[in-house]
Amino acid sequence: MEISVIASSSVESEIGSWDLKTGNKLLQFKPCASPAHGLTAVGEKFLAASQLRKESASSGSIFYWSWNKPQVEVKSFPVESIKALTANNEGTYLVGGGTSGDIYLWEVATGKLLKKWHGHYRSVTCLVFSGDDSLLVSGSQDGTVRVWSLIRLFDDFQRQHGNTLYEHNFNEHTMSITDIVIDYGGSNALIISSSEDRTCKVWSLSKEKLLKNIIFPSAINSLALDPCGSVFYAGARDSKIYIGAINATSEYGTQVLGSVSEQSKAVTCLAYCADGNLLISGSESGMVCVWDPKSRRPVRTFNLGKNPVNNIQVVRKTIVANSNKAQSSWKRRGSLIPPPLEKYERSGEDTMDGIVTIEPLPYSDVPVYNSFLSADLIDEQVKELQQQGSAATEIEMERLKLEYKRSLQMNDQWQKNYENLLQVVMEEEQIGGSN
Amino acid sequence: MASFERFEDMCDSRLKPKILQNLLSEYVPNEKQPLTNFLVLSKVVSTISTHKLLTEPPLASIDQSHHGKSKSAVDDWVNRLLALVSSDMPDKCWVGVSLMGVTCQECSSDRFISSYSVWFNSLLSHLKNPASSRIVRVASCTSISDLLTRLSRFLNTKKDAVSHAAKVILPIIKLLEEDSSEALWEGIVHLLSTVVILFPAAFHSNYDKVEAAIASKIFSAKTSCNMLKKFAHLLALLPKVKGTEDSWSLMMQKLLISINVHLNNFFQGLEEETKGTKAIQRLTPPGKDSPLPLGGQNGGLDDAAWNSEQLIVSRVSALMLCSSTMLTSSYKSKINIPVGSLLSLVERVLAVNGSLPRAMSPFMTGIQQELVCAELPTLHSSALELLRATIKSIRSQLLPYAASVVRLVSSYFRKCSLPELRIKLYSITTTLLKSMGIGMAMQLAQEVVTNASADLDPRSVEVDAVSNKNMSLTNGAVLQACSKKRKHSTNSGVEAENSAFEVGVPHNHSSSPITLKIASLEALETLLTIGGALGSDSWRERVDNLLMTTATSACEGRWANTETYHCLPNKSTTDLDEFQLAALRAFLASLVSPSRVRPAFLAEGLELFRTGKLQAGMKVAGFCAQALMSLEVVIHPRALPLDGLPSLSNLFPESNSLASQKHNTPNPNKLNGIAHDGDDLCNKWLANADVPSNNAIQRTLETTLPFQETKRLKVGNDLATVTSLGVQDPTDMVASENVQQADVPVQVPEGSLGQISDKDATAPQDGYVEVVSGTQEGEDYVVKDSLMEEASIGKRESLDESDDDSIPSLKDDDFLSDSDAES
């Protein structure tokens, strides 16, 4: 398992990547200038980032990088500029939120635009999948947070019956949503949203309502959740990282973790790495800082040049040992980058050609062990032989005996017939002879 | 001389050559000595594997002479076997071949590597030799398979191994075509799968021949059902030979075409003709060449078997099994699964239920319909299995099709009444829920609950067991027993009598057999695990109730049934155990699954699991212990301090002041200081997590709040509410059983009023009101909980403050732990 941190900036530059354990600088990918929440790793397969474009450009763009090449491998151009981009855990679907408030769902393997729907009235700012990938939570500039059930979105039947598309609509925020996190609670999960209105709000997925409102001294740019619950981290515009208690008694249940830089540059993004319990923050100053949340001290810092960092992702990659040919060939095939994303939904029969591509699991190559059977077979055959000595043979014996008896009878019959016949013939002959 | 040699113990390695020599001279036949008793062979094999007789100590071992002895003993063994293998007598030959297989598994690596080639050739000669007897051939197949298995574990002999494996293919394919014994087929199938799995490269040039041979067996009318399955499994493995995505897709396409062609024939007159042609069209897109039929040019589609419904169905089932296996086994390359075709195939099969469409009726005779209907359940069962395999293989990527699958499943649920098919349906819903998560739970919840309630309903059971007149009576009794039991924790005499009806409920004369009940319980358990919190408004209460009744009746009076029923040799006992386990598992899920109210049947659950832990058989008891552990968190909510937070407030005192400046910090925080901060946070959190309705408070207080605890509260603080409610202790309730129902609505407002007024009197902090206002629904409860907390904390505080003597606080602690233990 290799865990790396990737960070991108809103100014055109490279995407930096570092090994989290050793701190070594890894390959850089360029060029990239992505909006906040516009960078995502697609499963373990590759890296995708939506691109900020000049106002004049009519379409948006999304770039793909494979892990081992610094250059852009695939460029796609969706109909509008994509703000937020995220992929589900398996890396099979890619979801993008556009400036118009539309949300797009692509199938990664084919690049097909499977679904497009109007999600919000204004630009989508962040998108998050629930833990089991079945729900999508979106936040928008208009201050609303909406929860979508993907299964229901694909259910044209229900769609036609005029139901609202979203499952829940949370609209208590007064300004643009900046970040959303969802915890491990499953069907009882909590959703935390941060906003420019200086609050973070905790929502309950099952109760469909606001549980808690937490006020911060400054606008919050980003959130990271302590996976063990009850605490979350909030990166603020005043360069501080706050700790919020989800269940605090007051609306001000916050404490300061620490501040990234002295020059009061805003903390723009946060990520939590459960492996080793590390919090990673990115700042406008271009610093990426790794914290140990327990001791509240920075463990390590990386530098992404002078450009402000606005996206951080923790990427886990399973390293497949190159022990034999089959595995390396799998790697070759596995690293193939899929085709670019399509612009429009297909219509009619062509929408679903009914083929789904399944990637092999990274561990499907483990040597197979077959079990030995000889010993069992001996037991089985011995039993069989034994049985033949008893039941089967007995039945066969009886049958043969019966048959033997029958044929004996038959024999007698024939014998008799023959004798009768002989008698008749003899008598006739005698009569003929006497005649 | 040898008899005077002493050994250390039964593990002495010098013992091995002795035993081996003994076996060889006593039991294994030789040239002159014929085999008398077959049973000895099993004994020989088990002795060899127990004592590891064929392993040889490494050369560098201490005792050189011992090494020599054991080597010569194994040498003798191998030589004897080789002599037997080449013997003319079939029985001796069989012994030699079988034991050779065991030797391949057991012998030392060095010996295996140095002589496998010789062994292989001597075994192979039997497969090639047309004169050798059948039993020898079967044994040869298995022994060669074991030899290859052992060989595959050596990495450096890969090439040699492949060339050896390749030599096997043609002779056994020839055997497969010529011989008609099922035992031999089985051996051949096993050997072929071994080669496919371990040495796919050995196949290359013969792939088509193998496929054709297997397909012809599947299409042969003589193959038995059991063998069909084995052939289907082998056929599903074949795409691994080439290991490319194309070979997989091609095989799948061939299978689907073949299945659909068969169905076109079978469904004639039962469905619209266009359906079949459409399905075929979909599988062979106009631009592309359609593949050769399964098994080469003459794929057996033109034989005379078309007229036998049974044959067609068993064939289609085998092909579907083959597709299912292909879907679920793992591959090294990526595969393209034709989900659309698979789903439409399943839909097509499930749509035919044997009824005749009005337009078609003149074209079908009654006999024909009868024959079709007899075979339809098997076909449906295979189709459902295929559906499950499809869902399993594509997991989350089912998304675009999920809605249609849900509709298919729900509509079939409504139509289907055969238990066996319903079991399959439940397992499909379980798979759907597991693979698609919460979103799927939202879609399927209602369907699962409705169906499971029907299948678990104890009343549905009596129908054929009791006469009509009795039935209504029994139903009443059962209902009564259910409602009573919820309140009783002890068994009164009357109730025991009533429950006699229930004891008989789940296992005998039941209209829904026990396996169906188990399946429905599993589905409910999964639903609660995945989406328990979603149903709070709608189905949750009903499910909790149902699971409580099911679990109680499943366990009533027969914890010890493993012993009581032991005299019956059939396996219904294990079924019963499994039912009990499934019921308990589902019940635990209903207690632990997140909900807005405290689990209503917590007391019953605890009691049930406690008795189960003490009385049930080991498996169930083990689960009960685990259940008690999970429930411990529910009865003692963990208020562990958060890691690091207190120390943080020490490090950054200004942040605390920041908070208090802007807002009036609630009392407890000030009182307890920093040390209690985390604790309090957690308690608040827990209080927030369970927000019950009014009814539930009533219930909770009645059933779950232990008497000791209420007492403690009374001691700590004069809470009018608690006292008033505390009067309703369990003993009183049992007495006033019958009036209980009527009393509830009156009591509720009383209780809540009391609480509110009490809160005003004793806890005049604004902080609470604010917190509570966030969660309207559970206002009362939050207050109660926080008051309780405060009461105990406050008490401790006051004690600590009044005098520094540690005795009172110690007492207090003792008391607390006492009450904890009792609760």
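The values are calculated or read from the model by the stated rules, or taken from the named source; none is laboratory data. What you are looking at is a predicted structure, and each value in this text was computed from that prediction instead of being measured. Please note: Cβ atoms are built from the backbone with ideal geometry, for glycine as well, and neighbour counts cover all protein chains shown. With ligands, DNA and RNA removed, areas are computed over all heavy atoms of the protein, side chains included. Shrake-Rupley method; radii C 1.70, N 1.55, O 1.52, S 1.80 Å.
Quick check: is even one residue across region A:169-179 within 13 Å of chain B (Cβ to nearest Cβ) and crowded, with 20+ Cβ neighbours inside 10 Å?
The answer is no; no qualifying residue exists.
Pick from B:Leu82, B:Leu35, B:Leu53: which is away from every other protein chain (no Cβ under 12 Å), among the aliphatic types (A, V, I, L, M) and farther than 22 Å from A:Ser371 by Cα?
B:Leu82
For region A:138-168, what are the residues that are among the β-branched types (Val, Ile, Thr) and away from chain B (no Cβ under 12 Å)?
Selection gives A:Thr144, A:Val145, A:Thr164.
Can you go through A:Ile3, A:Ile62, A:Ile82 and tell me which one is among the aliphatic types (A, V, I, L, M) and in contact with a Lys or Arg (Cβ under 7 Å, 6 or more places away or on another chain)?
Step by step, each of A:Ile3, A:Ile62, A:Ile82 is checked, and only A:Ile3 is among the aliphatic types (A, V, I, L, M) and in contact with a Lys or Arg (Cβ under 7 Å, 6 or more places away or on another chain).
Considering every residue within region A:228-251, establish whether at least one is modelled with pLDDT of 85 or more, within 30 Å of B:Ala441 (Cβ to Cβ), surrounded by fewer than 20 Cβ atoms within 10 Å (Cβ to Cβ) and more than 9 Å from chain B (Cβ to nearest Cβ).
no
Of all residues in region B:389-420, which are touching a residue at least 40 places away in the same chain (Cβ under 8 Å), more than 14 Å from chain A (Cβ to nearest Cβ) and either crowded, with 22+ Cβ neighbours inside 10 Å or not in a helix (DSSP H, G or I) (or both)?
Once the filter is applied, which keeps residues that are touching a residue at least 40 places away in the same chain (Cβ under 8 Å), more than 14 Å from chain A (Cβ to nearest Cβ) and either crowded, with 22+ Cβ neighbours inside 10 Å or not in a helix (DSSP H, G or I) (or both), region B:389-420 yields B:Tyr412, B:Leu418.
If the requirement is being under 29 Å from B:Glu186 (Cβ atoms) and touching a His at 6+ places or on another chain (Cβ under 9 Å), which of these qualifies: B:Ser98, B:Ser117, B:Ser125, B:Ser46? Even if it seems obvious, please write down each step before you answer.
Numbers: B:Ser98 fails: touching a His at 6+ places or on another chain (Cβ under 9 Å); B:Ser125 fails: touching a His at 6+ places or on another chain (Cβ under 9 Å); B:Ser46 fails: touching a His at 6+ places or on another chain (Cβ under 9 Å).
Testing whether each residue is under 29 Å from B:Glu186 (Cβ atoms) and touching a His at 6+ places or on another chain (Cβ under 9 Å) leaves just B:Ser117.
Go through region A:198-220 and give me each residue that's outside any strand (DSSP E or B) and either open to solvent by less than 30 Å² (accessible area, probe 1.4 Å) or at pLDDT below 90 (or both).
A:Leu205, A:Ser206, A:Lys207, A:Glu208, A:Phe216, A:Pro217, A:Ser218, A:Ala219
Spot the failing condition for B:Lys16; the list is (1) crowded, with 16+ Cβ neighbours inside 10 Å; (2) closer than 28 Å to B:Ser125 by Cβ, and only one is missed.
All conditions pass for B:Lys16, except number (2).
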